[in-house]
Structures are given as C-alpha cells and as structure tokens.
C-alpha cells in the first residue's frame, strides 16, 4: 500500500465492491421471476441477459469518458444509477418493469466495475494490486452471498422476496455518501486522447485478447452457476425454490472464503500457478457434479466450484492492468466489456436446457468455459516485477 495513502481512503473504495456484488442478485431473482410469471428457461434467462448486455454497450465508452470525468466521480455516478434501479421494482411488479430495473442495475454496475477497479490503483501500490483486487472481490462476494439469503427470508417469513431491494438501496446510499466525502488524488490521463479505435486496438495484443476472452468466460461461469444451481437442485433433489435458492448462497459463501484466502496467498505465490490449479479443480468438480443426485454431494461440488473460481476474475484483471499500466482506464473498460459474458452464456444455457429437457444441457456449456480458462491459465505470462512496482 502506498505510504501516502491511508485506510480512510482505501476502505470506502473497497466498500464500493460490496455495491458491485448487488448485480449477482439477478441469479436468485431469475428463479423467483420464473416462478412468479410461469416462464420457460429460455425466457427467464433474458433477465441476466438484460443485466449483462450493458457491459458490452457501456464499458468502453465509460473507460473513455472516465479520462475526462475522473474515476471517483464516475464511481459516484454509477451508484446513483444503482440506487434508482433498486427502487424501480417497488413502484410496480410485472415482467417488463423487472427487465427495466435489471437493465438499470446492469448499466450502473457496468460503470461501477469500469471505474472502481482502476480507482483502487490510486490507493494501493502495484505489487499489492492482485491481492487488493482479490480483497475487493471478497467484499463483492459477501454481498453476493447475503442476497439469496435475504430473498429467501423475505419470501419465507415476510411473503415478499422483493424486500431485498430497499435494503440494497439504503446500503448503496451509504456507500455513495462515504465515497463522496473522501478525497482521492488522481493523476491526470497521460498521452493522446482515447478513442474507440484505440481501445479496441488493444485487442491486437494477443495477450490482451486472451485475457478479454477469459473475462467473458469466467463471468459466464459465474452467472451461469448463479442462475442454474437452484434449478439444478430442484431437478435432481426435488426440493422447493426457497431451499434450492440457498445453493446460490453456498456458491457465494465458497467464493467469499476463496477470495479471502486468495487475497492472502496471492501476496506470496505465483498468480499463474494459482490460476492453473484453480481451473483443474473446477473442471473436476463440475464433471463430478453432473453425475450426482444427492443434495449434500451436489452442495459439496457447488462449494468447490465457488472456491476454485473465486480469484480468477481478479487474477485476469490484474494481468491485463499490468500488461499496459499506462492504458489502465481503456483496459479496464475493455475488460469489463467482457463481463457481457454474463449476457451471452446464460441464454445459450437456457436453450440447451430446454432442448435437453434438463439443466445438464446448460451445465455442459459451463464445462466448456472452464476448459478455455484452463487454456488461458497455461498461456498467460506474468508481468515482470519491474512493471508491478
């Protein structure tokens, strides 16, 4: 951590990752919306598509725009949009309104992820970047973990799962006020002005392209598991949605623990080696899960998957930022555009699940995504220490 910074500056930035985790509520929301409106898997999976589609649309423009507005102010803008998104389902509740609410959530989360990750580089030093990003993912995972629990308690005890939205809206307001009153020094953007051409031109670097596709597939796996685990448990174990939804919380509990442990380990060990081992474990766990019918056995594999995948996003993101640190804003926009994998993978999973008449069709798509990530782990090279300092 930089000597000139303090925890007073680091903590509000890290708390922003908690707001970032609100986007994962789309997983359990998809199951509830499917139940409420009697939707097919193909139609229900439009909900995560409406969230993650905007990562393809707004990521690069945000990276360019951020050079003018600044990272901190861009983060604050994202939180205003997120706050509004959380209020929309309270005004009315039908499928169209839900799509609008989650589209706003996706737009806000896109802007947040593009701006918050590089903002972290303003308060931590280069050699701590990977572990700090992982700590941010740990904070994000806490929000992802508690979302399905709040929804389940609200549905089972209060009779309305949507009560999680005003809770999340209040937390978003607190986070935005905390950051608003925190002053963070940002160096002005150097070099020539950014453009769409210069941003997308980064993909001519084969390493950046490899990492970009890695983001596409790791987010696809994350969102795919988030939306499919409850349905898979209902199919294989014949349990109600309120209980099956806890499978999503189990997944995010594992991600939370994995990110916390990863933040410690990645200070000391090779990120690339950590990446490779994680993907081997994840592939084995996914393959085994497809053969199981026991609630506890499936739960164990879900936990292992969450633990193994917990640090992959931050590892890939840090590799990309270290590749060209002088282009951090543009690279952040480009990498976050890859989060649109959350809009691409679930609809494909839904189509295959409907075609197979089973959730196993969709989970096979995730197995292919994990195979690519293992390939990416073997191909990527770590940045020299000189670039990290």
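The values are calculated or read from the model by the stated rules, or taken from the named source; none is laboratory data. Small disclaimer: the values here were computed from a predicted structure and weren't measured. Every residue, glycine as well, gets a Cβ built from its backbone with ideal geometry; the counts of neighbours run over all protein chains shown.
Quick check on this structure: which one of 313, 303 is assigned to a helix (DSSP H, G or I), touching a helix residue (DSSP H, G or I) at 6+ places or on another chain (Cβ under 6 Å), closer than 23 Å to residue 254 by Cα and free of Cβ contacts under 8 Å to residues at least 60 places away in the same chain? Before the answer, list the steps.
Working: 313 fails: free of Cβ contacts under 8 Å to residues at least 60 places away in the same chain.
When all the criteria are applied, what remains is 303.
One line per residue, one yes/no per condition, for (1) surrounded by 14 or more Cβ atoms within 10 Å (Cβ to Cβ); (2) touching a helix residue (DSSP H, G or I) at 6+ places or on another chain (Cβ under 9 Å); (3) more than 21 Å from residue 337 (Cα to Cα); (4) modelled with pLDDT under 75:
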position	(1), (2), (3), (4)
178	yes, yes, yes, no
181	no, yes, yes, no
187	no, no, yes, yes
193	no, yes, no, yes
197	no, no, no, no
205	yes, yes, no, no
209	no, yes, no, no
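Please count how many residues of the range 317-349 are in a helix (DSSP H, G or I) and either over 16 Å from the mean Cα position of the chain (by Cα) or more than 17 Å from residue 223 (Cα to Cα) (or both).
Our first condition is that a residue be in a helix (DSSP H, G or I); within the range 317-349, this holds for 317-323, 325-349.
Then drop every residue that is not either over 16 Å from the mean Cα position of the chain (by Cα) or more than 17 Å from residue 223 (Cα to Cα) (or both), which leaves 317-323, 325-334, 347-349.
Adding up the residues that qualify gives 20.
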>> For the range 287-298, give me the residue count where each residue is without any contact (Cβ under 8 Å) to a residue 60 or more places away in the chain, crowded, with 16+ Cβ neighbours inside 10 Å and not in a loop (DSSP other than H, G, I, E, B).
In response: 0
> Looking at residue 61, is it in contact (Cβ under 8 Å) with a residue 60 or more places away in the chain, under 23 Å from residue 342 (Cα atoms) and out of contact with any helix residue (DSSP H, G or I) (no Cβ under 7 Å at 6 or more places or on another chain)?
Replying inline: yes
>> Suppose we keep only residues that are surrounded by fewer than 18 Cβ atoms within 10 Å (Cβ to Cβ) and without any contact (Cβ under 8 Å) to a residue 60 or more places away in the chain within the range 349-379. Which one would you say is farthest from residue 233 (Cα to Cα)?
In response: 375
>> Tell me which helices (runs of 4 or more DSSP H) are completely within the range 34-117 and hold 2 or more residues being within 30 Å of residue 133 (Cβ to Cβ) and modelled with pLDDT under 85, or say none if there are none.
In response: 46-69
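Take the conditions crowded, with 20+ Cβ neighbours inside 10 Å, in a helix (DSSP H, G or I) and on the phi < 0 side of the Ramachandran plot and apply them to residue 308. Does it pass? Break it down stepwise before answering.
On the way: crowded, with 20+ Cβ neighbours inside 10 Å: yes; in a helix (DSSP H, G or I): yes; on the phi < 0 side of the Ramachandran plot: yes.
So residue 308 passes the test.
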>> Quick check on my filter: what residues within the range 316-326 are farther than 19 Å from residue 273 by Cβ and either surrounded by 22 or more Cβ atoms within 10 Å (Cβ to Cβ) or free of Cβ contacts under 8 Å to residues at least 60 places away in the same chain (or both)?
In response: 321
>> Condition first: surrounded by fewer than 24 Cβ atoms within 10 Å (Cβ to Cβ) and in a helix (DSSP H, G or I). Now tell me which residues in the range 257-270 satisfy that.
In response: 257, 260, 261, 263, 264, 265
> Take the residues of the range 222-256 that are without any contact (Cβ under 8 Å) to a residue 12 or more places away in the chain and outside any helix (DSSP H, G or I): which is nearest to residue 45 (Cα to Cα)?
Replying inline: 240
